[in-house]
Each structure stands twice: as structure tokens, then as C-alpha cells.
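Enquirer: One structure, pasted below without further comment.
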Amino acid sequence: MPATFTRQFDTPAYKGKVTVNTGLFINATGTLITKISAASAKDVDIAVQAAHNAYKTSWGHKVPAYERGRLMNKLADLMEKHAEELSALEALDAGKQYFFAKAVDISATIQNFRYFAGWADKNHGKTIETSEAKFAYTRHEPIGVCGLIVPWNFPLLVASWKVAPALACGNAIILKPSEMTPLTALKVAELSVEAGFPPGVINVLPGYGSVAGQALTEHPKVGKISFTGSTLVGRKIMETAARTNLKRVTLELGGKSPSIIFDDADLDQAVKWASMGIFMHNGQVCAAGSRIFVQEGIYDAFIKAFATASKSLKLGHGFDPSITQGPCVSQTQMERVLGYIESGKQEGATLLSGGSRLGEEGYFIEPTIFTDVKSDMKIVREEIFGPVAVIAKFKDEAELIEMANDTVYGLASAVYTQNINRAIRVANALETGGVWVNQASLPDFQVPFGGVKQSGYGKEMGEYALESYTVVKAVQVNL
Ligand code: NAD
């Protein structure tokens, strides 16, 4: 049974009490925090029935669109009021820095809610005059019940990319957070009750992917699954959706994103951004710039400065305000990353810096850089999801495009150059859903985000996200 979990924090970064109605859970440093109950297939069915009833009776077109926006803004206000508590929970649960969680995860979550609250009464259809005596109009209708399945790296932020547009479009939702990091989602579920959402519109079901996630994906009354996670699970979700009721699917999957440094790049800026691009949140970022391509003229200067930057990063507990890096999210994840580092050594890449676990408590790995990598090495081809950069040298644009596109993934890329013509030419040639020029890994709530190739399809954020949560009905009228 769920229990109330309360902890008093007295750390340099955060002082205050955190209360959440859950049980127990284990955090990234190996400490037992709390445990929570995991939803069964039966629980999923109950939640879907509740969401379906709410959608039919007290949400969707049953309430004015501006009222949906009003409730979403109210929830954003409550999240703002509880921002410190939510940041503390995220730091505790996902092992990230408290200040990072506050400045990035929680503040961007609130922005997303406000942004999509504004869209709630603006997502209109069109009128089409087909001839003098006939016309048609389109309605942007909600899908109904949407299942939203999210990973552990940005637990609340990635959830908000789905929850906010789904609600704005009039859908009832079932959010299944990762089994590793359910705490902030549960807190927001509490706040949604306080905000006044009708019962059944917002449901949060913590649980395991193979049980709760699978049951949600199979359920015939779920009209859409929006999934963020690994390509492996994304493939399973698509198969299940196809086998059951052909529900709609949006997939935001893994990546092996290129970070490209041309000779004419501003070296300091390129080092700063490329370092953030791969080492931010310990490399546990879907769009992490994990393959770094450096043009030969700047190569030696870049790798020297990049290695120095990586050594200046400080690992530690998320509540220590002086740290820049937290731990891997779990022992399993740490072991997986260490396995990749070992494979890089075995396959003959040069270990330029890092490469080891730090200490015996918690799951810390040094920021790690490999050079002299070859395109067929595992560390170049597979998503590591940890603080491991691989660096390769290129001669010219043509060679670079070939190397950068030589991957099954296509989530994002970053290009560093002072030549705007080159930046645009290369951006257009890269097979990725998004490109950053002279910056890295900073999604913006107004800008669509999502991959191509095996990084998935569908867009989150920005106006494009509304298409993922509506169906267009065309009504043709003979006057
Ligand atoms: P994961 O695929 O293991 O799990 C993601 C979610 O899916 C979890 O909630 C899990 O419980 C659930 N799940 C697992 N098996 C399931 C099943 N059979 N049916 C339904 N749900 C199931 O991924 P993870 O380890 O939590 O996260 C890391 C992955 O997420 C990386 O590959 C990363 O690139 C990706 N990611 C992508 C984006 C993006 O926007 N493209 C953002 C963040 C993370």
C-alpha cells in the first residue's frame, strides 16, 4: 500500500521538508529512500476505465477549452509554489544536482504547462469551401485516453512534454513514470487534485514496464501511446499497438548524436558546449553529443582543451552545491557504462581521460574520452547513455557528412562553425530530427523536438506537438 514519505532536508542547497504520498524507493547513490507499490494489469484497467469515464463525462468537449487551459495554469502555479520540493525530489530520485533540477527540469516543466495551457483554446479546425453549395469544416478532436510512458533521466520534464499537450487537446491521461523515478510524477498527481482537475482526467501509475507499461499498451480503450525511452522498448510498443487496437504511437527513442567542430569554430565556445553536450547529467541525455567529429586543423587544440574541461567537472551528491555531475541512475546503468568503457579499450580505442568508477559508494563514473575510434566499434555505434565521448577526426565537409550520418539513430546534432553558409548547408545534410548551431542539447518548449530513423517519430513541444494528441474530423455539408 502507498505510504506517506516525509524527509527534512538541511543541506547547503536545500532546506525544507519534502512530503510525498508514496512508499519506499532506492535512489541513485544506493541509499534506500522509500518503496512504492507497483501497478498491476488490474490497476491499469481500473485507471483506464476511470480515464475513459472522465473523458466522456467531464473533459474533452464536455468542458470549454479555456477551462482546460485555466486548470493547467492552476497546476503550473502549484508546481511553481512547490518548485523547491519538486527539485529536491528530482535530485534525490534521479541523482541529479538540486540546482540543475530546479533551473532545468522543474522550471521547464512549468513553462511547458503554461505554453500548452495557452494552446487549449486555440487549436481550431478550418472551414473549406468546396463549391458554391457545399462546404466542409474540420474539427480537431481529442483522441480520448492517452497512455504516456516515460524514462528516468528527466522524469518530470519528459512527462510534461506529453502530459501538457495531451491535456490541452482534451485527452484524459495515464502517466506511467519509470520504475526508477516515480516521485515527482506522484507529487504532481497530488497537486492536480488541489488544482481541481475532474477525477479521472489525470492518472499516475507507477510500475514496471513489463507489467504496467505492457498492460497500458495492450489496453483496447487506450487510443494513443506516447513513449519516450529506448529503441528496443519502442519497437515492442509499436508491435503491441499494431497487434491490439492499432492505437496511435509517438516514439521518442535513443540517439548517438554527432557534435561537429569545424576548423573555424570558436574553440572556447565549442569546448564549453560540446562538453556540456555529452557530460550534462552524466551523459544520461537522449540527445547527448556522444560522437564528436573534429576537423583536422583544430583537432589537437580541441582534444587538449576538451580533456582539460572534462577533468574540471566535479562529481558528487546532488545536494552538494559545488558539484557539476551526479551519479549514474542505478548500479545496473553504471555497470552497463563500465562495460562499454571496457569494450572501447578492448577494441583498440585510445583512452584519453577518465575511464573508471569513482569511490565505492554510489554509482559515479569519471567523464571519459576515447580518441582514435573506428566506425565499427561498439562505443561508436551503440547508445551508451553515460559520460563517454568518442572523438574522430575529419578532413572536409563531404567526409564529415558521411561519418555523421553513419548511424541507425537520428535524434539531434550540433554544428560548431563561424561560417553561417556552412552551418546551414551541413544542418540540411544531417539526417537528424533537430540541429543545434553553436550550442547543444537545449530543447525549447516552443520548438519541436523528435527524431528520425531509429530515434523514432512524432514531435514533442511547440505547435507541432498538438498534432500528436488530436484527430482531425472532416464534416462535409451540402447546403
Ligand atoms: P526504457 O526503454 O528501458 O524505459 C522507458 C519506459 O518504458 C519506462 O517507463 C519503462 O518502465 C517502460 N517500459 C519498459 N518496458 C516496457 C514495455 N514492454 N511496455 C511498455 N513500457 C515499457 O528506457 P530508460 O532506460 O528508462 O531510458 C533511457 C532511454 O530513453 C535511452 O535510450 C534514451 O535515449 C531514451 N530517451 C529518449 C528521449 C527522447 O526524447 N528521444 C528522452 C529521454 C530518454
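Enquirer: Across the stretch 378-408, which residue is surrounded by the most Cβ atoms within 10 Å (Cβ to Cβ) among those that are within 15 Å of the ligand (Cβ to nearest atom) and acidic (Asp, Glu)?
Expert: Step by step, filter the stretch 378-408, then rank; the result is Glu383.
Enquirer: Another question, then. Any residue at all in the stretch 427-444 that is touching a helix residue (DSSP H, G or I) at 6+ places or on another chain (Cβ under 6 Å), modelled with pLDDT of 95 or more and among the hydroxyl-bearing types (Ser, Thr, Tyr)?
Expert: No, that holds for no residue.
Enquirer: Could we say that Val447 is outside the structural domain of Ser375 (by the TED database), more than 23 Å from Gly144 (Cα to Cα) and surrounded by fewer than 17 Cβ atoms within 10 Å (Cβ to Cβ) here?
Expert: In short, yes.
Enquirer: Let me confirm something: among Leu479, Leu442, which residue is more than 21 Å from Lys224 (Cα to Cα) and more than 18 Å from the chain's Cα centre (by Cα)?
Expert: Leu479
Enquirer: Which of the residues that make up the stretch 429-465 are on the phi > 0 side of the Ramachandran plot and out of contact with any strand residue (DSSP E or B) (no Cβ under 7 Å at 6 or more places or on another chain)?
Expert: Ser441, Lys453, Gly462
Enquirer: Answer with yes or no whether Ile174 is in contact with a Lys or Arg (Cβ under 7 Å, 6 or more places away or on another chain), buried (at least 24 other Cβ atoms within 10 Å of the Cβ) and in contact (Cβ under 8 Å) with a residue 12 or more places away in the chain.
Expert: No; evaluated as a whole, the condition is false for this residue.
Enquirer: Identify all residues within the stretch 367-385 that are touching a strand residue (DSSP E or B) at 6+ places or on another chain (Cβ under 6 Å) and in a loop (DSSP other than H, G, I, E, B); write none if there are none.
Expert: Those that are touching a strand residue (DSSP E or B) at 6+ places or on another chain (Cβ under 6 Å) and in a loop (DSSP other than H, G, I, E, B): Asp372, Val373.
Enquirer: Does at least one position in the stretch 227-244 carry a residue that is touching a residue at least 40 places away in the same chain (Cβ under 8 Å), of a type outside the set (D, E, K, R) and farther than 19 Å from Val158 by Cα?
Expert: No - not one qualifying residue is present in the stretch 227-244.
Enquirer: Restricting attention to the stretch 188-214, which residues are over 15 Å from Ala51 (Cα atoms) and buried (at least 23 other Cβ atoms within 10 Å of the Cβ)?
Expert: Val188, Pro206, Gly207, Ala212, Gly213
Enquirer: Taking the condition closer than 18 Å to Asn153 by Cβ, buried (at least 18 other Cβ atoms within 10 Å of the Cβ) and within 15 Å of the ligand (Cβ to nearest atom), does Leu411 pass?
Expert: yes
Enquirer: Going through Ala51, Ala76 one at a time, which residue ends up being buried (at least 24 other Cβ atoms within 10 Å of the Cβ), among the small types (Gly, Ala, Ser) and either in contact (Cβ under 8 Å) with a residue 24 or more places away in the chain or not assigned by the TED database to the domain that holds Pro198 (or both)?
Expert: Ala51 is the lone residue from the list that is buried (at least 24 other Cβ atoms within 10 Å of the Cβ), among the small types (Gly, Ala, Ser) and either in contact (Cβ under 8 Å) with a residue 24 or more places away in the chain or not assigned by the TED database to the domain that holds Pro198 (or both).
Enquirer: Of the residues that sit in the stretch 180-203 and are within 12 Å of the ligand (Cβ to nearest atom) and touching a helix residue (DSSP H, G or I) at 6+ places or on another chain (Cβ under 7 Å), which one is farthest from Thr57 (Cα to Cα)?
Expert: Thr181
Enquirer: Kindly provide the set of residues from the stretch 420-479 that are more than 13 Å from the ligand (Cβ to nearest atom), within 22 Å of Arg139 (Cβ to Cβ) and among the basic types (Lys, Arg), ordered by number.
Expert: Lys473
Enquirer: Which one is nearest to Cys146 (Cα to Cα) among residues in the stretch 252-279 that are of a type in the set (A, V, I, L, M) and buried (at least 23 other Cβ atoms within 10 Å of the Cβ)?
Expert: If we take residues in the stretch 252-279 being of a type in the set (A, V, I, L, M) and buried (at least 23 other Cβ atoms within 10 Å of the Cβ), then Leu253 is nearest to Cys146 (Cα to Cα).
Enquirer: Here's a follow-up. Considering only residues that are in contact (Cβ under 8 Å) with a residue 24 or more places away in the chain and either within 16 Å of the chain's Cα centre (by Cα) or farther than 24 Å from Phe197 by Cβ (or both), which ones fall in the stretch 129-146?
Expert: Thr130, Ala133, Lys134, Phe135, Ala136, Tyr137, Thr138, listed by residue number.
Enquirer: Oh, and also: At least 1 residues that are within 16 Å of the ligand (Cβ to nearest atom) and in contact with a His (Cβ under 6 Å, 6 or more places away or on another chain) in each: list the strands (runs of 3 or more DSSP E) lying fully within the stretch 104-151 that qualify.
Expert: 145-149
The values are calculated or read from the model by the stated rules, or taken from the named source; none is laboratory data. Here the structure is a predicted model, which means the values were calculated and not measured. Because the Cβ atoms are built from the backbone with ideal geometry, glycine has one as well, and the counts that use them run over all protein chains shown.
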